[in-house]
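Below is one structure; the comments refer to it alone.
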Amino acid sequence: RYNGGNMSQTPQGNFVRGLNLFDATMVVMGTMIGSGIFLVSADMARLINSPGWLLAAWALTAVLTVFAALSYGELASMMPQAGGVYIFLRDAYSPLWGFLYGWTLFAVIQTGTIAAVAVAFARFLSILAPGISEANYIVPPVHITEGYAISLSTAQLMGVFIIMLLTWTNSRGLEYGRIVQNIFTTAKVGALAALILAGLFLSGHAGSAVNFSDFLRIGEFDASLGVAAGSVFGLIVEIGVAQSGSLFSADAWHDVTFMAGEVRDPRRNVPKALAIGCAAVVG
C-alpha cells in the first residue's frame, strides 16, 4: 500500500520462504528457455537474411532484456511480495490497474502462454511418437462457422495432459515443485549449451562456411515490409520487426516476481536472480 510516500509491506499469510538464490535463478532461466527460443530464429533469419545482423538482433534483445530485468529487480527489492507486476501496478498507479492486469493475466496472457507451450511440446513429441499428431483426431472437426471448428486431436489431448500433470506437480508443495523445476531447467540449459557447442565445434564440413559468408550483408527488397531492405532504414525496420520473435522467446523472466513471497531474503535474492538468470540465458 502507498501511504505518504512509504511502501508498507502486506503480510504474506502462510507462504513458506523456501526458495534460495539458486532456486529463484532456475525459475528465471526455466521460464525464459521455452519453445520460442528453438523456433523463432528460423523466421528471423528468413526476414533479416544476414548472419551478422541476425546476431545483432539477438544482441539488441539481450540488452533490452537485461535492462528490463534490472528495472524489475529494483521494484522487487522495494516491494518483495507475492504478486509481481500486479503489486507494482497496484501500488504505483491504483488498485484498478492491478485488478485489470491480474484478470487479463489469468484469462488471456498466462493462459495463452501455457497453451502455446503445451502445443509446442506435443509437436516436438510427435517426432518421437508419430501417433501424437494434430492431424490424428479423436473428435473430428465440428464446424461452428465456415472458418472455425472445434476438434480434439491426440496432440491437443497430450497438451491438456501435460498441463494437468504440471499443475498437479505444483500442488504437491513448494519443495516438490522446486526439485522438479531445478531438474528440468538444468536439463534445458544443458541441452541448449550442447546445441551451441555442437554448432561451434562439430560443424566442420565445407557447407557450414556458407552460414558465415557475407556476414553483414543487407538483404533484398521485402514487399511485406514495404521498404527496401537494401537500405539502412530497411535494415532497421527488419531488425525491429524481428524483435517480435526474439523478445517473445526471451519473455517470462519476470515470473519470479510472482513468487517473491516464497523466496528467502527477497530484497536481495529476487534482483540477483533476475540479473544472473537473464545474463546467463542471453549469454
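Here are a few things to note about the model shown:
- The residue that is most open to solvent (accessible area, probe 1.4 Å), among those in region 258-276 that are more than 22 Å from GLY34 (Cβ to Cβ) and not in a helix (DSSP H, G or I), is ARG264.
- Residues located in region 234-257, provided they are open to solvent by 50 Å² or more (accessible area, probe 1.4 Å), in a helix (DSSP H, G or I) and touching a residue at least 24 places away in the same chain (Cβ under 8 Å): VAL241, LEU247, PHE248
- Qualifying residues in region 245-259 (those that are touching a Gly at 6+ places or on another chain (Cβ under 7 Å) and hydroxyl-bearing (Ser, Thr, Tyr)) - the one modelled with the highest pLDDT: THR257
- Applying a threshold of 7 Å to beta carbon distances and a minimum spacing of six or more residues, or different chains, the list of pairs starting in region 81-108 at a residue that is free of Cβ contacts under 8 Å to residues at least 60 places away in the same chain and more than 23 Å from ARG264 (Cα to Cα) and ending at one that is open to solvent by less than 50 Å² (accessible area, probe 1.4 Å) and among the hydrophobic types (A, V, I, L, M, F, W, C) reads TRP97/LEU89; GLY98/LEU89; TYR101/VAL85; TYR101/LEU89.
- Selection status of PHE22, more than 22 Å from PHE248 (Cβ to Cβ) and either at pLDDT 85 or above or under 18 Å from the mean Cα position of the chain (by Cα) (or both): yes
- Only listed residue being closer than 30 Å to GLU262 by Cβ and modelled with pLDDT of 90 or more, chosen from ALA107, ALA155: ALA107
- When we screen PHE184, PHE124, PHE161 for residues that are open to solvent by 80 Å² or more (accessible area, probe 1.4 Å), on the phi < 0 side of the Ramachandran plot and over 20 Å from the mean Cα position of the chain (by Cα), the only hit is PHE161.
- Verdict on GLU175 being open to solvent by 90 Å² or more (accessible area, probe 1.4 Å), farther than 17 Å from GLY34 by Cα and of a type in the set (Asp, Glu): yes
- Only a single criterion out of (1) over 19 Å from the mean Cα position of the chain (by Cα); (2) surrounded by fewer than 17 Cβ atoms within 10 Å (Cβ to Cβ); (3) modelled with pLDDT of 85 or more is not satisfied by GLY98, namely (2).
- Single condition ILE109 does not satisfy, out of (1) within 26 Å of PHE38 (Cβ to Cβ); (2) open to solvent by 70 Å² or more (accessible area, probe 1.4 Å); (3) touching a Phe, Trp or Tyr at 6+ places or on another chain (Cβ under 8 Å): (3)
- Any chance ARG46 is basic (Lys, Arg) and open to solvent by less than 60 Å² (accessible area, probe 1.4 Å): no
- GLU74 passes every criterion in (1) out of contact with any Pro (no Cβ under 9 Å at 6 or more places or on another chain); (2) within 18 Å of THR257 (Cβ to Cβ); (3) charged (D, E, K, R) apart from (1).
The values are calculated or read from the model by the stated rules, or taken from the named source; none is laboratory data. These numbers come from a predicted model, not from an experiment. Cβ: placed from backbone, ideal geometry, glycine included. Neighbour counts: every protein chain shown. Just the protein is used for accessible areas: all its heavy atoms, side chains included, with ligands, DNA and RNA removed. Shrake-Rupley method; radii C 1.70, N 1.55, O 1.52, S 1.80 Å.
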